[in-house]
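Below is one structure, written out as structure tokens, with a few remarks after it.
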2 protein chains.
Amino acid sequence: MTEKISDKSTSERLIEAAGVLFAQKGFANTTVRDICDAAGANVAAVNYHFGDKEKLHEAVLNYIVEGIKTKFPVNVSLGSDDPPGEKLRNMIRFFLLRRFDPDRPDWQGILLIEQFMTVHPKLVDVIREERAANVDAIRILIKQIAGKDIDDEAVDLCLGSIVGQCLFYILMHAPHAPIPEEEKIEMNHENIEKITDHILNFTLAGIKSKCEK
Amino acid sequence: MTEKISDKSTSERLIEAAGVLFAQKGFANTTVRDICDAAGANVAAVNYHFGDKEKLHEAVLNYIVEGIKTKFPVNVSLGSDDPPGEKLRNMIRFFLLRRFDPDRPDWQGILLIEQFMTVHPKLVDVIREERAANVDAIRILIKQIAGKDIDDEAVDLCLGSIVGQCLFYILMHAPHAPIPEEEKIEMNHENIEKITDHILNFTLAGIKSKCEK
DNA sequence: GACAATCTCAAACGTTTGTTTAATATCAAT
DNA sequence: ATTGATATTAAACAAACGTTTGAGATTGTC
């Protein structure tokens, strides 16, 4: 009698085992035998529960995206009457937390970032929709912060600066990033708040300097 | 009699064909048969000239790195007596040009960026060395711009903001980035200058706001 | 032209891969 | 207890892969 690795169902164990391995070694370098071993399942389990390896991949990505979208709806604060700087701060913070949520296993964030380089066709639409909405929201906030005298080109440049600053922390924690481990900032709640404040203030100063010309 | 695809040597043609395909589909998804077909060579050519597929990979990466390091030595301007803002501008500009050099085929930049996610062991040392030198240089410039009253933590936050802003443009042009093609800014010389100036000014304002607290 | 070194070629080899098969086990409902 | 749907298993399959082989072509040198 063999010991069960966890009390979850086989398909759940497969999704989580696959997620860890995909994040670790990439989709192409992970074999279904690896996955099934890690999940304590038979080699045929992937095909029985998901059809094939590709569909398991889709299931893993959906599993992550669904969780993140409900927990961190980036647009949530836009309806309130907070000042635009406060709203911008919320968006920056959620953007970082989507990758570094301490309550979520790290492989989920890693896998999502990897999709920046090689997006899965099934995810393209979901990501693009969300992206378009977020980009529009940030553009509006930038205009509100800057006042009226800022042209669209300048708005887009500022948009790039905001997103870029967030991307830095996301990328520097990619598992194979060429950065010595000891130089990586630990992304706990305290540091995330600190970084969020920095990005916000840095950005506010940058935007203001933009319309004083 | 079969037509030669180019007048370059077989090993050169293999490196360039492999580079294009690796950038397009990734190392694992590219077969040596694909490479040899594209290079107009026999399947055995990879093994004859490089030993195996992995060593060809290394050869491709070396081929790119050597070219970039000699053409864009990021530290080159640090010795001069230009004002620190000017030096920072040069570093930003070179950082962007390393990826977007209009005189260099695009796959070279793409392949290098992909290494951010899954660094090849043979490249880790080269990249880390360069990175450490560049990071030190930028830190010094930030301190010079800020004056004396800025602590090390603040310097590192500003460093992240600078690198992040550059990364944004590099990442948004990854071949599979979830960004509609029509929204990508064309990275020609004119726009690179424009973006460089923006990042510089945005950063200068950000740094100054940092030491007025 | 003869020789040796270098290179190219079609064919085949041994593994690894994702997938399928058919038999067996599990379990709820009647 | 029997039945039928669902799930798991060991074994095998076919295709694709990186690599090797041995024979032939090409090239440079004397």
Task: Residue count, the stretch A:178-190 (criterion: crowded, with 17+ Cβ neighbours inside 10 Å and within 11 Å of another protein chain (Cβ to nearest Cβ)) - done: 2
Task: A:Leu171 being within 9 Å of another protein chain (Cβ to nearest Cβ), within 15 Å of B:Leu200 (Cα to Cα) and surrounded by 17 or more Cβ atoms within 10 Å (Cβ to Cβ) - done: no
TODO: Using the structure shown, decide if B:Glu193 is surrounded by fewer than 19 Cβ atoms within 10 Å (Cβ to Cβ) and assigned to a helix (DSSP H, G or I).
DONE: yes
- [ ] Can you tell me which residue within the stretch B:167-213, out of those that are modelled with pLDDT of 85 or more and among the small types (Gly, Ala, Ser), is nearest to A:Leu167 (Cα to Cα)?
- [x] B:Gly206
TODO: Could you look through the stretch B:35-57, keep only residues that are within 14 Å of chain A (Cβ to nearest Cβ) and surrounded by 15 or more Cβ atoms within 10 Å (Cβ to Cβ), and pick out the one that is nearest to DNA strand C (Cβ to nearest atom)?
DONE: B:Lys53
TODO: Answer yes or no as to whether A:Leu204 is more than 7 Å from chain B (Cβ to nearest Cβ), over 29 Å from A:Gln24 (Cβ atoms) and among the aliphatic types (A, V, I, L, M).
DONE: yes
Task: Those residues of the stretch B:147-177 which are part of a loop (DSSP other than H, G, I, E, B) and over 16 Å from A:Leu159 (Cα atoms), in sequence order - done: B:Gly147, B:Lys148, B:Asp149, B:Ile150, B:Asp151, B:Ala174, B:Pro175, B:His176, B:Ala177
Task: Those residues of the stretch B:54-76 which are without any contact (Cβ under 8 Å) to a residue 24 or more places away in the chain and within 11 Å of DNA strand D (Cβ to nearest atom), in sequence order - done: B:Glu54, B:Lys55
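The values are calculated or read from the model by the stated rules, or taken from the named source; none is laboratory data. What you are looking at is a predicted structure, and each value in this text was computed from that prediction instead of being measured. With ideal geometry, Cβ positions are generated from the backbone for all residues, glycine too; neighbour counts draw on all protein chains shown.
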